[in-house]
Amino acid sequence: MEIPDICPLCGGKINRIPPGVSKRTGKPYGAFFACANRDCKFTWTKQGNRPKTATNTKDQIIMEELSAINRRLDDMGKYLNSKLG
């Protein structure tokens, strides 16, 4: 499989991340390619396109849903304040 030039998820630039040691866990990791957009979770390894974890996508969906609910609650609060306050 060929490494993409641009991220297929967001269109961002793909950067090569050299092998190193995780600051968070202290565990070593191999080189990989990742989208330069920090909000995008796209990564690429020798095995091909593999998200960091399956929960990243699940967590992202949950966060988007919670954000949408919060926006609706804010709108409802503004409406009630305009009618009652």
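None of the figures in this text is laboratory data; all of them are computed from the coordinates on show. Keep in mind it's a predicted model, so treat the numbers as computed, not measured.
Under 20 Å Cα-Cα from LYS83, which aspartates and glutamates qualify once same-chain neighbours fewer than 8 residues away are excluded?
Those aspartates and glutamates meeting the cut-off are ASP74, ASP75.
Could you pull out every one of the aspartates and glutamates with an alpha carbon less than 16 Å from that of LYS78, ignoring same-chain neighbours closer than 8 positions?
LYS78 reaches no qualifying aspartates and glutamates.
What does the extension gain come out to for TYR29 and MET63, with contour length at 0.36 nm per residue minus their alpha carbon separation?
Details: separation 34, 0.36 × 34 = 12.24 nm, distance 2.74 nm.
Computed gain between TYR29 and MET63 is 9.5 nm.
Which aspartates and glutamates, if any, have their Cα less than 18 Å from the Cα of LYS58, not counting same-chain residues under 8 positions apart?
Counting by Cα, and skipping residues close in sequence, LYS58 has these aspartates and glutamates nearby: ASP39.
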